[in-house]
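Note sheet for the following structure.
The values are calculated or read from the model by the stated rules, or taken from the named source; none is laboratory data. Since this is a predicted model, take the numbers as computed values, not measurements. So basically every Cβ, Gly included, is an ideal-geometry build from the backbone, and we count neighbours across all protein chains shown. The area values use the complete protein model at the heavy-atom level, side chains included, leaving out ligands, DNA and RNA. Shrake-Rupley method; radii C 1.70, N 1.55, O 1.52, S 1.80 Å.
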Amino acid sequence: MSVFKTLSGTPTSPGQCDDDAYRELYTALYNDAPDAHARAEAFLRQQLALAAGLPCDLPEAPEQLTAWAEQRCADVASEYAAYLAKRKQGGEREYFQNKAHALYFLQRVAPTKVVDGAWLEGMLNHWQDLRFDGLLTTYLEELGKGDPRQNHVLIYRKLLAEHDCDDQQGLDDEHFVQGAIQLAFARCSAEFLPEVIGYNLGYEQLPLHLLISAYELRELGIDPYYFTLHVTIDNVSSGHGRKAVEALLDLLPLDEGRAAFFQRVALGYRLNELGVGSTAVIKGFDLQREVVAMLERKREFGQHMHSDYCKVDGQTVSQWLSSPGKIAQFLGAMERMGWIKRHGPPQDSRFWQLIEGGTAAMFGVFDGYEKQLIHDWIAGDWQGPRQRPAVHRDQPHQADEVAPTDPELKSLQDNLLGQPPARALELLMPWLSAQRHHRPAGLFATRRFVELRTRLR
Ligand SMILES: [Fe+2]
Ligand SMILES: [Fe+2]
């Protein structure tokens with residue numbers, strides 16, 4: 001889809017394209033820029049106008065939603081059963097060609113995953129209204145109710161850190177669209193309540209790609225816990241999927257505003273289709289192209305770092321790296337010289353020996369994802385030893401043991417001293433935002449919020 005990318009709310013024309021507009025907006029919203037609220041609102045209006053042009057598969061009447069959600073879930077279950085049957089008969093992986101491909105996916109959906117739940121942040125303000133209970137519970141569960149082992153954002157951040165793939169330089173602007181929508185809703189849910197409900201309805205339905213991704217990540221030695229967690233928590237019989245439908249039915253007006261409200265719900269629902277979705281990200285991977293693009297990004301930093309004593313195909317490494325567009329040729333030259341022996345064990349290639357290992361000359365130049373790209377590109381058709389499937393290990397520490405000396409936590413605890421419960425809830429709320437809830441003070445605040453909410457109701 002082509003989108004005019006001026007996000008400030010001012011009129012735009014196709015000529016006025018800003019290549020990093022979504023990324024810039026995402027960053028501004030995440031970092032509490034002074035004009036964040038106004039920008040979020042203008043952005044949501046613009047995205048809703050785009051969503052209005054998309055087809056909608058919601059049923060016509062809200063009363064049909066429960067049956068609709070159950071049918072969708074049954075369809076996903078049977079498609080997944082068909083996938084499993086194919087795999088059990090020896091079929092190939094259908095999503096990820098190799099581990100680099102899987103890390104590419106994790107990295108590109110990261111802007112969305114690290115703000116998981118943010119679209120529901122505004123539900124905190126409705127803690128006294130029982131009709132919002134399901135949505136608020138969903139939000140608090142996204143936050144793991146303050147348990148770091150169950151906080152979705154923290155689980156995802158740890159996954160990125162474990163595979164050293166949290167760098168965002170290689171991402172396209174479109175990868176920030178969904179995260180920006182979620183952060184915008186976090187600020188403007190009072191103005192866009194029906195749209196938030198609709199967006200949540202779409203987001204919390206279990207998709208097929210979640211099941212297949214989890215299955216294949218595990219095979220590739222990547223802990224799929226973030227994904228399997230969502231298979232159970234978003235289920236349609238009692239989980240977030242069911243709560244999404246119930247919340248809508250509870251909050252729909254009983255008067256003549258009902259139809260208009262549901263129309264706005266349907267519009268918010270379609271926002272889920274904007275940007276690039278998980279399956280599109282997965283299909284967009286091309287190993288050769290990614291290796292070249294990654295080395296091209298490194299080129300500027302690396303061009304003056306090499307001594308000129310060895311030449312590849314008549315040119316020094318510095319000469320190869322001196323201008324853009326020569327990486328593919330450079331790789332080809334290294335293959336011809338025998339520095340890279342593709343379709344075999346990477347450790348047989350001199351180029352790989354320079355990269356991998358504590359004493360390698362280029363130790364530390366490439367992060368985990370970048371090394372995996374080079375590794376899998378060299379390995380090519382070579383089938384190395386089978387990956388051991390990943391097992392999820394719970395962290396041993398208890399929630400209360402988190403960083404007791406953290407200064408933010410300490411100052412929050414000091415501020416809460418002697419405050420009556422209702423005032424304490426107000427003081428805690430800002431700590432349950434997308435930017436803060438996964439920090440030690442945020443986790444503490446979430447646990448206190450959960451306790452006080454139960455006590456005060
Ligand atoms: Fe989640
Ligand atoms: Fe969820």
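Annotations for the structure displayed:
- Matching entry among Leu252, Leu248 (being at pLDDT 95 or above, within 16 Å of ligand 2 (Cβ to nearest atom) and either open to solvent by 20 Å² or more (accessible area, probe 1.4 Å) or farther than 30 Å from Gln168 by Cβ (or both)): Leu248
- Test result for Tyr156, over 16 Å from His240 (Cβ atoms) and within 15 Å of ligand 2 (Cβ to nearest atom): yes
- The number of residues in the range 346-359 being open to solvent by 60 Å² or more (accessible area, probe 1.4 Å) and assigned to a loop (DSSP other than H, G, I, E, B) comes to 3.
- Among residues of the range 126-142, those that are within 16 Å of ligand 1 (Cβ to nearest atom) and of a type outside the set (Val, Ile, Thr), counted: 7
- When the test is whether a residue is within 30 Å of Ala422 (Cβ to Cβ) and within 16 Å of ligand 2 (Cβ to nearest atom), Gly179 does not pass it.
- Matching residues, the range 362-389, being over 22 Å from the mean Cα position of the chain (by Cα), in a loop (DSSP other than H, G, I, E, B) and either among the charged types (D, E, K, R) or under 15 Å from Gly344 (Cα atoms) (or both): Gly380, Asp381, Trp382, Gln383, Gly384, Pro385, Arg386, Arg388
- Scanning the range 414-440 for residues that are within 23 Å of the chain's Cα centre (by Cα) and either assigned to a helix (DSSP H, G or I) or at pLDDT below 95 (or both) yields Pro430, Trp431, Leu432, Pro440.
- Only residues that are polar (S, T, N, Q) and over 18 Å from Val365 (Cα atoms) were counted in the range 293-321, giving 3.
- Of the residues making up the range 296-331, those that are of a type in the set (Gly, Ala, Ser), open to solvent by 20 Å² or more (accessible area, probe 1.4 Å) and assigned to a helix (DSSP H, G or I) are Ser318, Ala328.
- When the criteria are applied in full, Ile222 meets the requirement of being crowded, with 22+ Cβ neighbours inside 10 Å, outside any helix (DSSP H, G or I) and of a type in the set (Val, Ile, Thr).
- When the criteria are applied in full, Leu206 fails the requirement of being within 16 Å of ligand 1 (Cβ to nearest atom) and part of a helix (DSSP H, G or I).
- In the set Tyr203, Tyr104, Tyr139, only one residue is of a type in the set (Phe, Trp, Tyr) and more than 16 Å from ligand 2 (Cβ to nearest atom); that residue is Tyr104.
- Pairs where the first residue, in the range 116-127, is under 17 Å from Asn272 (Cα atoms) and in a helix (DSSP H, G or I) and the second is β-branched (Val, Ile, Thr) and more than 14 Å from ligand 1 (Cβ to nearest atom), C-beta under 8 Å, 6+ apart: Trp119/Ile181; Trp119/Val196; Leu120/Val196
- Qualifying residue in the range 360-367 (condition: touching a Cys at 6+ places or on another chain (Cβ under 8 Å) and surrounded by 12 or more Cβ atoms within 10 Å (Cβ to Cβ)): yes
- Per-region count, the range 86-106, residues open to solvent by 40 Å² or more (accessible area, probe 1.4 Å) and of a type in the set (S, T, N, Q): 2
- Test: residue in the range 107-125 that is over 30 Å from Ala379 (Cα atoms), more than 16 Å from ligand 1 (Cβ to nearest atom), in contact with a Lys or Arg (Cβ under 7 Å, 6 or more places away or on another chain) and open to solvent by less than 10 Å² (accessible area, probe 1.4 Å): no
- Every test in (1) part of a helix (DSSP H, G or I); (2) more than 16 Å from ligand 1 (Cβ to nearest atom); (3) out of contact with any Ser or Thr (no Cβ under 6 Å at 6 or more places or on another chain) is passed by Val245 save one, and that test is (3).
- Annotation note: of Leu136, Leu130, Leu58, Leu143, the sole residue that is in contact with a Gly (Cβ under 7 Å, 6 or more places away or on another chain), among the aliphatic types (A, V, I, L, M) and closer than 21 Å to Gly241 by Cα is Leu143.
- The number of residues in the range 211-238 that are without any contact (Cβ under 8 Å) to a residue 24 or more places away in the chain, within 13 Å of ligand 2 (Cβ to nearest atom) and of a type outside the set (Ser, Thr, Tyr) comes to 1.
- Any pair with Cβ under 9 angstrom, 6 or more apart, that starts in the range 134-152 at a residue that is assigned to a loop (DSSP other than H, G, I, E, B) and ends at one that is more than 9 Å from ligand 1 (Cβ to nearest atom) and among the small types (Gly, Ala, Ser): Leu143/Gly442; Asp147/Ala399; Pro148/Ala399; Arg149/Ala399; Gln150/Gly144; Gln150/Ala399; Asn151/Gly144; Asn151/Gly442
- Taking the range 143-166 as the range and being away from ligand 1 (no atom under 15 Å from the Cβ) and open to solvent by 50 Å² or more (accessible area, probe 1.4 Å) as the test, the residues that pass are Ala161, Glu162, Asp164, Asp166.
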